[in-house]
Every structure is written in structure tokens, then in C-alpha cells.
Amino acid sequence: MLLPFIRTLPLFPPYSLEKMTDLVAVWDVALSDGVHKIEFEHGTTSGKRVVYVDGKEEIRKEWMFKLVGKETFYVGAAKTKATINIDAISGFAYEYTLEINGRSLKKYMENRSKTTNTWILHMDGENFRVVLEKDTMDVWCNGKKMETAGEFVDDGTETHFSIGNHDCYIKAVSSGKRKEGIIHTLIVDNREIPETA
């Protein structure tokens with residue numbers, strides 16, 4: 001009786017069974033409702049383009065014959081417009097740039113630091129990210145727009161809101177200097193919270 005011959009192949013070098021991706025760029029974009037991760041896959045042989053926002057697939061295009069171009073999509077609760085530009089720099093090398101609301105990511109973030117204040121605080125065993133949009137005076141906490149009440153006080157204004165059982169307000173006072181403008185301070189349970197750089 002002949003026994004069947006079974007040949008086993010060695011598994012070296014180790015191979016991963018995970019799907020190979022064409023991930024070429026990752027950006028972290030801080031918006032009022034939180035920090036969003038944008039990932040971009042570009043198959044330079046297949047022309048595939050895939051955009052993920054916070055791990056969720058937003059765009060998938062297979063077999064694109066034009067390897068350069070743009071992909072536009074929206075990010076976050078406020079549906080902020082984002083565009084990935086794909087440019088050839090030489091031969092088969094590509095450059096990927098991200099624009100937010102029509103500005104380069106760098107310019108957008110520089111402008112955003114002038115138009116928003118951000119605070120990170122730890123209470124009740126949780127981290128909270130509070131963002132003030134100075135132009136609208138909207139207040140966001142961990143991705144949710146907060147219900148606020150504004151009030152005039154002797155030296156400026158206070159915008160009141162609550163986080164859980166904690167009383168919070170953002171105090172706005174004039175710096176007295178034209179270049180500095182208005183200074184915004186977050187107060188939680190009568191304690192000043194330092195602003196995040």
C-alpha cells in the first residue's frame with residue numbers, strides 16, 4: 001500500500017496574510033468637533049484611489065487611468081471641505097497635499113489658531129477637549145456643539161455651559177492692546193484651565 005505523499009512548504013520568510021495596501025499619506029486635522037485622521041491610498045499601477053476619514057471609507061475609485069488629479073470630500077460634523085491633490089514630481093514619484101477649505105493644511109491650521117481657542121482638561125476620569133470658535137462664539141466639547149448662554153459682565157462677556165455636573169464658562173476680556181485683541185479664558189468650577197498650545 002502506498003501512502004499519499006504530502007509536501008509541506010516552509011513558511012519563511014514570514015508573510016503577512018493581511019491585505020497589502022497602497023497607503024501613501026496620513027494627515028491629522030484638528031477641527032472644532034475633534035481631531036480627524038485622513039488616510040489616502042493611491043495605487044500607482046492600478047490607478048486606485050481610496051480616502052478614509054477616521055477609518056471609514058469615504059471615496060473608492062478603481063482603475064483610474066489618470067494618475068494625477070484631485071479627490072474632494074467632507075470631514076467632521078460641520079462638513080468641512082477637504083481636497084487631496086495628487087501631483088507627479090518625476091517619473092513615477094507623486095506628491096500628495098491636503099487642502100482644507102481651499103487652503104493648504106499648514107495655512108489652514110495657522111489661521112485656525114487665530115480663530116479658535118482649545119483647552120484639554122481631565123475630569124471625572126475622562127479627557128475633554130473644549131474648543132471656542134471666536135468668530136461665532138460656538139463652543140464644542142468632545143465633538144458636540146454645546147448649548148451656551150452669553151452674559152455681559154463688568155469687564156467683558158461670559159459664555160456659560162455645562163460639562164456633566166460641572167459649571168463652565170469662557171470669559172472674554174479686552175487685552176487693552178490692539179495686536180492682542182480679546183483674551184479668552186476657560187473657567188471650570190471656578191478654576192482657570194490653561195489653554196492648549
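List of remarks:
- The Cβ shell under 14 Å around His122 holds other residues with a net charge of -1, Lys and Arg each +1, Asp and Glu each -1.
- Paired Rg and Dmax values of segment 23-109, which use every Cα atom, in angstrom: 12.8, 40
- Loop GluC sites (Glu not before Pro), segment 91-197, which have at most 13 other Cβ atoms in a 10 Å radius of their Cβ (DSSP): Glu147, Glu180
- Cα pair count fraction exceeding 15 Å, expressed as % - segment 114-193: 55 percent
- In the chain, the calculated helix contribution to ellipticity at 222 nm averages -1500 deg cm²/dmol per residue, counting -39,500 (n - 2.57) for every DSSP H run with n ≥ 4.
- Relative contact order (%) - segment 80-197, alpha-carbon pairs under 8 angstrom, separation at least six: 14 percent
- For the chain: relative contact order, % (alpha-carbon pairs under 8 angstrom, 6 or more apart): 11 percent
- The gain in end-to-end length when the Glu192 to Ser174 segment is fully stretched comes to 4.8 nm, 0.36 nm per residue minus the alpha carbon separation.
- Pairs with C-alpha atoms separated by more than 28 Å, drawn from the list Lys56/Lys106; Lys81/Lys179; Lys37/Lys134, are Lys81/Lys179.
- Estimated distance in nm for a label pair at Ser90 and Val153, the labels positioned 7 Å out from Cα along Cα-to-Cβ: 5.9 nm
- Between Thr97 and Ala78, the modelled labels are 2.3 nm apart [label points 7 Å from Cα along Cα→Cβ].
- Candidate values [x] 1.23; [y] 1.19; [z] 0.96, label of the one derived for Rg/Rh (Cα atoms, Kirkwood Rh): [y]
- Tilt relative to the chain, helix 105-115 - C-alpha long axis, 0 to 90 degrees, to 10: 20 degrees
- Cross-link pairs beyond the 31 Å C-alpha cut-off, checked among Lys79/Lys177; Lys66/Lys145; Lys48/Lys114; Lys66/Lys107: Lys79/Lys177; Lys66/Lys145; Lys48/Lys114
- Ser46-Arg60 pseudo-label distance in nm [points 7 Å out on the Cα-to-Cβ vector]: 1.0 nm
We did not get these values from a lab; they are worked out from the coordinates using the rules stated. Keep in mind the model is a prediction, meaning the values are calculated, not measured. Backbone-built Cβ (ideal geometry, glycine too); neighbour counts: all protein chains shown.
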